[in-house]
Amino acid sequence: PPLGWGTFINPSSGLHKMGHPTHHTFPRVAKEFGFSSNGFSIYLNRNKTGEILSQNKTLSLLKVKHGDMLFLFPSSAGPSSENMDTAQPHTSSSYPSFPSSSSSSSSLSRSHSPFDEDYLNHLDPPVKHMSFHAYIRKLTGGADKGKFVALENISCKIKSGCEGHPPWPEGICTKCQPSAITLNRQKYRHVDNIMFENHTIADRFLDFWRKTGNQRMGYLYGRYTEHKDIPLGIRAEVAAIYEPPQIGTQNSLELIEDPKAEAVEEIAAKLGLRKVGWIFTDLLSEDTRIGTVRYTRNKDSYFLSAEECITAGHFQNQHANACRLSPDGHFGSKFVTVVATGGPDNQVHFEGYQVSNQCMALVRDECLLPCKDVPELGYAKESSTEQYVPDVFYKDKDKFGNDITYLARPLPVEYLIIDITTTFPKDPVFTFSSTFRFPIENRDALGETQDFHSLATYLSQCSSSSSFLDIVSDFHLLLFLVTNEVMPLQDSIGLLLDAVKTSNEELAQTWKKSEQWATIEQLCSTVGGQPSGSLDYAMGGPTLPQSSSSSSAVWSCLHCTFMNQPGTEHVNVCILRVKILRYVLKKNV
């Protein structure tokens, strides 16, 4: 009999294609799965409907034909799934493997390629884009093992060094002329999921819009981890949001040069974090009484505007993805874009995106412009005497279903966008464990400032039961301690950052005893208008002797070691007092 092809799915181990003669019975097929003769049930549908009861009949009599898909489930009487000889699900320790060349064509393939589109489409939920590492596996999975694979970055610029003619605009040739670009929807993505560690991170970011009605932007700091729901997938986990200096209105955002950018990057690196993306709001209130927002970004309008795509491409070019298969050493980017906007239920939703590698090239070489008053359209620049721009095309279908090539003037930006699922975990995770809220940076417009007054207020809120590690485990507080102008701790805070990174209370207690923290406490006590004893908050007591004890004995200053006479409370020549006076005078001015 002819050899037919069928697809069997065991939900616990994935999808399996097999070749089988049509006169085979189901027990023989199940034997190749590792099931016993009565240890399985077969259904026509995934939801266990349409059970096939006559399993001893041949496949042809049951009208199972070429391409049919059936679902195998272990029965309660059969062996447990742990003991079945089946393929393992795709977990962190079990990635899809490739069948050996010695496998018989009539035997069951117990593995699936992570780039198999049929397999990805049958996952729950279906996967629209394969992961970048799956794409790499596809390129290197042939007989030559990717020996000749090279991931070339697109260039839209004229190649330099061509001496056979005058430079542009007087001359150009086929050797130095960049190739025309036909935009295609990218089939892979460098990041497969974005996850905020907890809701508090997002809620604090949204507070600015809730209080002012103005839009807000921030950088996402976190780490890249394995995404287990997608074969060879990568997840961007967000642990904190840093808000750089900016000017926001109800419908615009303008970034300002950030003098603290390098310090923020250094602190994040010491905490084991990196900049993984950026986030911005696009929110318009619909009904303030019930807290609803307008649903403006959808398939009938746009998901990302051309200007936002250009900005995302700019950021992605700044954070290129290292790749050994690229002659340049980098290919694409793992930098993500998150938009906080209204959803179909008129609640705030977080939508994740990246732009394609083609978009990155157009942005890097300054070939893409936004269209005025039409946010969903971009425009490929035309060549000028200053710059040669290659032709950019995209394909679409006409009303008869035919593929038509169009010049990208204008260009629907949907060809440049890759969507990424954005989630929050069921069980929140906290890289920064403080339950108290230190003011976020660059929010002077709200009257929320980072200074020693706010630090004194923050410390006074901490209860005596709070550990020192929990008190200082706040990303924005750590930034302030390093970047403040009065007492910057950039050179002496390494031990504390290690303590927060490793959640080590002992290290935190060691740093708490340092002279730097004693100085910080005294500054808070002075500018906050409170005696140092009121800032004990589990800090192990006051750092300076109280007046009752100092009135009867000579005492030394903790900061300048000057020996003070009995009855005095301050050191006139202490450098700390000079810093405090300067700070107070600056605040009053």
>> Residues to consider are Gln358, Gln354; find the one that is open to solvent by less than 40 Å² (accessible area, probe 1.4 Å), assigned to a strand (DSSP E or B) and touching a helix residue (DSSP H, G or I) at 6+ places or on another chain (Cβ under 8 Å).
In response: Gln354
> Somewhere in the range 200-215, is a residue in a helix (DSSP H, G or I), at pLDDT 95 or above, of a type outside the set (A, V, I, L, M, F, W, C) and touching a Gly at 6+ places or on another chain (Cβ under 7 Å)?
Replying inline: no
> Of all the residues that make up the range 484-511, how many are part of a loop (DSSP other than H, G, I, E, B) and farther than 20 Å from Cys524 by Cβ?
Replying inline: 3
>> Cβ contacts < 9 Å: first residue without any contact (Cβ under 8 Å) to a residue 24 or more places away in the chain, restricted to the range 447-473; second residue surrounded by 14 or more Cβ atoms within 10 Å (Cβ to Cβ) and of a type in the set (S, T, N, Q), any location; separation 6+ or different chain. Result?
In response: Glu448/Ser454
> Is it fair to say Pro327 is crowded, with 17+ Cβ neighbours inside 10 Å and assigned to a loop (DSSP other than H, G, I, E, B)?
Replying inline: no
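Mind telling me which of the residues Leu576, Leu523 ends up being open to solvent by less than 60 Å² (accessible area, probe 1.4 Å) and at pLDDT 65 or above?
On the way: Leu576 fails: at pLDDT 65 or above.
Result: Leu523 is the single residue among Leu576, Leu523 that is open to solvent by less than 60 Å² (accessible area, probe 1.4 Å) and at pLDDT 65 or above.
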> Residues of the range 136-153 being within 23 Å of Ala380 (Cβ to Cβ) and either surrounded by fewer than 14 Cβ atoms within 10 Å (Cβ to Cβ) or aromatic (Phe, Trp, Tyr) (or both), which ones?
Replying inline: Glu152
> Quick check: anything in the range 410-431 among the basic types (Lys, Arg), under 25 Å from Val127 (Cα atoms), assigned to a loop (DSSP other than H, G, I, E, B) and open to solvent by 40 Å² or more (accessible area, probe 1.4 Å)?
Replying inline: yes
>> Pairs needed: first member in the range 253-270, within 12 Å of Asn442 (Cα to Cα); second member anywhere, of a type outside the set (Lys, Arg) and open to solvent by 80 Å² or more (accessible area, probe 1.4 Å); C-beta distance under 7 Å; at least 6 residues apart or different chains.
In response: Ile256/Ile247
>> Condition first: within 15 Å of Gln177 (Cα to Cα) and either open to solvent by 50 Å² or more (accessible area, probe 1.4 Å) or in a loop (DSSP other than H, G, I, E, B) (or both). Now tell me which residues in the range 387-402 satisfy that.
In response: Gln387, Tyr388, Val389, Pro390, Asp391
>> Return the residues of the range 379-432 that are in contact with a strand residue (DSSP E or B) (Cβ under 9 Å, 6 or more places away or on another chain) and without any contact (Cβ under 8 Å) to a residue 24 or more places away in the chain; say none if nothing qualifies.
In response: Lys381, Asp396, Lys397, Asp398, Asp403, Ile404, Tyr406
>> Need pairs with beta-carbon distance below 8 Å; first residue not assigned by the TED database to the domain that holds Arg210 and at pLDDT 95 or above and within the range 288-312, second open to solvent by 50 Å² or more (accessible area, probe 1.4 Å) and part of a loop (DSSP other than H, G, I, E, B); sequence gap 6+ or separate chains.
In response: none
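Condition check ((1) open to solvent by 20 Å² or more (accessible area, probe 1.4 Å); (2) under 12 Å from the mean Cα position of the chain (by Cα)) across all residues:
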residue	(1), (2)
Tyr219	yes, yes
Ala239	no, yes
Glu243	no, no
Asn251	yes, no
> In the range 294-314, which residues are more than 18 Å from Ser252 (Cβ to Cβ) and crowded, with 21+ Cβ neighbours inside 10 Å?
Replying inline: Gly313
> So, in the range 484-518, of the ones that are open to solvent by 70 Å² or more (accessible area, probe 1.4 Å) and of a type in the set (Lys, Arg), which residue ends up nearest to Ala263 (Cα to Cα)?
Replying inline: Lys501
> Which condition breaks for Leu481 when tested against (1) open to solvent by 60 Å² or more (accessible area, probe 1.4 Å); (2) not in a loop (DSSP other than H, G, I, E, B)?
Replying inline: (1)
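Quickly run through the range 301-324 and pick out the residues that are closer than 15 Å to Val413 by Cβ and in a loop (DSSP other than H, G, I, E, B). Spell out how you get there, then give the answer.
Filtering the range 301-324 for residues closer than 15 Å to Val413 by Cβ gives 301-314, 316.
Those that are closer than 15 Å to Val413 by Cβ and in a loop (DSSP other than H, G, I, E, B): Ser301, Tyr302, Phe303, Leu304, Ser305.
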> Counting just the residues of the range 154-206 that are touching a residue at least 12 places away in the same chain (Cβ under 8 Å) and acidic (Asp, Glu), which one comes out surrounded by the most Cβ atoms within 10 Å (Cβ to Cβ)?
Replying inline: Asp192
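Anything in the range 443-460 that is open to solvent by 40 Å² or more (accessible area, probe 1.4 Å) and either over 14 Å from Glu521 (Cα atoms) or part of a loop (DSSP other than H, G, I, E, B) (or both)? List them, or say none. Reasoning before the result, please.
So the first thing to find is which residues in the range 443-460 are open to solvent by 40 Å² or more (accessible area, probe 1.4 Å), and the list is 444-450, 453, 457, 460.
Of everything in the range 443-460, those that are open to solvent by 40 Å² or more (accessible area, probe 1.4 Å) and either over 14 Å from Glu521 (Cα atoms) or part of a loop (DSSP other than H, G, I, E, B) (or both) turn out to be Asp444, Ala445, Leu446, Gly447, Glu448, Thr449, Gln450.
Would a scan of the range 162-175 turn up a residue that is assigned to a strand (DSSP E or B) and either within 21 Å of Gly272 (Cα to Cα) or not aromatic (Phe, Trp, Tyr) (or both)? Full working, then the answer.
Of the range 162-175, the ones assigned to a strand (DSSP E or B) are none.
Within the range 162-175, not a single residue is assigned to a strand (DSSP E or B) and either within 21 Å of Gly272 (Cα to Cα) or not aromatic (Phe, Trp, Tyr) (or both).
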> Given (1) under 16 Å from Val339 (Cα atoms); (2) out of contact with any Ser or Thr (no Cβ under 9 Å at 6 or more places or on another chain); (3) open to solvent by 10 Å² or more (accessible area, probe 1.4 Å), where does Asn214 come up short, assuming only one miss?
Replying inline: (2)
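The values are calculated or read from the model by the stated rules, or taken from the named source; none is laboratory data. In this text, all values refer to a predicted model and were calculated from it rather than measured experimentally. Counting neighbours? That spans all protein chains shown, and the Cβs are built from the backbone with ideal geometry, glycine included. The area values use the complete protein model at the heavy-atom level, side chains included, leaving out ligands, DNA and RNA. Shrake-Rupley method; radii C 1.70, N 1.55, O 1.52, S 1.80 Å.
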